[in-house]
Structures are given as C-alpha cells and as structure tokens.
Amino acid sequence: MADEPLIYENQFNVQGGNFNDAGKVASHIKAILKGFGIPSEAVRKTALVAYESEINIVSYARKGVIHLRLARDQVVIETIDEGLGIADIELAMQEGYSTATDKIREMGFGAGMGLANIRNFSDIFQISSEPGKGTSLKMIIKWRP
Amino acid sequence: MTETSPIDLSTLVRLLQLQVRTGADRLDRPVRGGYVGDLLSDVMGNSHEGDLWITRQVHPNIVAVASLKDLAAIVLVNGSEPAPETLTKAEAEGIPVLLAEESAFAVAGKVYALITGAVQIAT
Ligand SMILES: Nc1ncnc2c1ncn2[C@@H]1O[C@H](COP(=O)(O)OP(=O)(O)OP(=O)(O)O)[C@@H](O)[C@H]1O
Ligand SMILES: [Mg+2]
C-alpha cells in the first residue's frame, strides 16, 4: 500500500447504539466505489466488510471511525473504536460466538458471524483490541484493474 | 436438466401469488437463486447477487442487507407484516418487498423448482 498512490480517501464517524442509521456508512462507501467504477465483486466484498464492522461499532462501542482508502487495485478499510474491546479475539472470531443482547438479536443481529464474514471476504484482515479501551480492524480487498 | 433458466420477479409474483409492497417498477429483474435466513450476518455471508431472499425478519435492517448484497428482492413469509419503516426504506433504495401467505419452506420449494426447471411454467 505504501507505494500505491491513493485515488480517494475519506473517513466516517459511527455513533455507538444508533441502530437507526446502522448501515449508512457501508451504503455510502459502496456508492463511492461504484462511482469509481470498481469491479462489482470487489464493491460487494467491501460493502460487506464495511457493514459488519459498522454494525459491530454500533453494537459494542461508544463511537468509532471508519477510514476508506482507495487505490487503483485495492481498497483499505480501517476501523478504530472506543468501546468494550475484545478480551479473547480467537473466541470472538469463532462462528456462532456472540455477546449480542436480546435487543440486538431482535433486530436480526447476533449470529456470531460478522467477524468470520469479514475475514472470509477480505484478502488481508488484521484485528487488534484492548479490553475496556477499544478495537481496531484493517481489511484490504484487491482486484485486477 | 440442472441448468437454471432465469425467471424474472414478475413471473414469480404471478405464480406464487405474492403481494408487491415496494419496488413494483423493478420486477423485470431475473432471479438467479435464493437464500432463506432470518439472521442478517448469515444472509450477508451466504447470499449471492440476484438472489431472492426469503425471510420472516421484518426489521428495517433487512433493506440495507438486500441493497449491499445486490439481492433481487425480499420475500416476507407467513403473512408477516413489514414494519412501516422497512417499506419506506425499501422504496427509497429500490428494493422489492414481496409478501407471501405461505411458509418459507413452501416458498423456497416452489421457487427452487421453478428456477431449476423442475416445473414447467405453463400457467
Ligand atoms: N468492535 C467491537 N468491540 C467490542 N466487541 C466486539 C466488537 N466486534 C465484535 N465484538 C465481540 O465479538 C463477538 C463476535 O462478533 P461478530 O461480529 O462475529 O458477531 P455478532 O456481532 O455477535 O453477531 P453478527 O453475526 O450479527 O455479527 C461479539 O458478540 C462481541 O462480543
Ligand atoms: Mg457483528
């Protein structure tokens, strides 16, 4: 990424607990990538990783920021949140593991598949977290320009 | 025999007697396949572009999932009534929301038979 010139860069704030707007940032990012004519498969993958990370910030953090960096042949999505953090990342990554509350489950979330989806749909995925402080994710999706 | 023939949404609406709640102007879209699920991340991870999404989940969040994954339409089963906000969002995003009286099992079975060509469209 270091050598790759950026075509576009932006960042979006996400408010914890605000489920009315949940998914807005992902939709916005999808529209931006479509506007740049990125191949639709890469657009859908990026929309998915942005959506799952946005919902996790809304569900488990006080607030967060989603960074979008677009180059000719890849997109980087980075998220940084201030929130509960994750004590056991390996456990959180497991499909089916979820600490979602009943309120969150009523809205259709809580399958415990979000992080696994993010890993499966990214070409490169990194996660780090400090319990009680917050969580950071970095996802890279590549394509043939 | 296993080759799938694209069937458009309006044909499915007619054959399955679905009620069209939103997206009436987008029913010419071909349906390539389908997915059944009520958990949003399951559908996010396992559905494909052009799929018909069969669900009993009526929360407005279903619209973002259908839109982000480029799904063809959402079918709400068991006569479930969508939340009003779900319909407002779906209309704004151009996502067809269709209602079925039947269960997910019955709807999925019929759609599967139709798009895999196991049943001829004579009616
Ligand atoms: N940003 C975050 N901050 C704190 N905890 C998180 C964060 N993201 C995930 N977690 C923890 O990891 C668990 C698994 O997350 P994951 O996204 O895989 O599933 P989920 O959010 O529970 O359900 P869904 O399938 O709807 O995404 C969560 O239940 C939560 O405990
Ligand atoms: Mg999640």
0 to 90° range, to nearest 10: angle between helix A:24-35 axis and chain A longest Cα axis: 10
Solvent-free Debye scattering, log10 I(q)/I(0), computed from the Cα coordinates of segment A:6-142 at q = 0.10, 0.14, 0.18, 0.21 Å⁻¹: -0.29, -0.58, -0.97, -1.31
Relative contact order, percent, chain A [alpha-carbon distance under 8 Å, six or more residues apart]: 27
Percentage relative contact order, chain B, counting C-alpha pairs under 8 Å, at least six apart: 31
Charge-dipole axis of the protein assembly as shown as Lys and Arg at +1 and Asp and Glu at -1 on Cβ define it, positive-most pick from A:Ile141, A:Ser40, A:Asn117: A:Ser40
Dipole axis of chain B (+1 Lys, Arg; -1 Asp, Glu on Cβ), positive-most option in B:Leu98, B:Asn46, B:Leu16: B:Leu16
Angle between chain A longest axis and helix A:40-60 axis [Cα atoms, degrees, rounded to 10]: 30
Dimensionless Rg over Rh [segment B:7-116; C-alpha; Kirkwood]: 0.91
Of A:Lys103/B:Lys110; A:Lys103/B:Lys89; A:Lys30/A:Lys133, those spanning more than 24 Å from alpha-carbon to alpha-carbon: A:Lys103/B:Lys110; A:Lys30/A:Lys133
Low-density loop positions, GluC sites (Glu not before Pro), segment B:1-88 - DSSP coil, at most 13 other Cβ in 10 Å: B:Glu3, B:Glu49
Cα-Cα pairs of the protein assembly as shown separated by more than 32 Å (percent): 26
15 Å Cα-Cα reach of A:Lys45 towards aspartates and glutamates, excluding residues that sit fewer than 8 places from it in its own chain: A:Glu54, A:Asp73, A:Glu78, A:Asp123, B:Asp42, B:Glu49, B:Asp70
Net charge of Cβ neighbours under 9 Å - reference B:Ala64; Lys, Arg +1; Asp, Glu -1: +1
For segment B:49-66 versus segment A:55-71, the gap between their alpha-carbon centres in whole angstrom: 22
The protein assembly as shown: calculated mean residue ellipticity at 222 nm from DSSP helix runs of at least 4, using -39500 (n - 2.57): -10500 deg cm²/dmol
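Every read-out reported here was derived from the displayed coordinates using simple, explicitly stated rules and does not represent laboratory data. Here the structure is a predicted model, which means the values were calculated and not measured. Backbone-built Cβ (ideal geometry, glycine too); neighbour counts: all protein chains shown.
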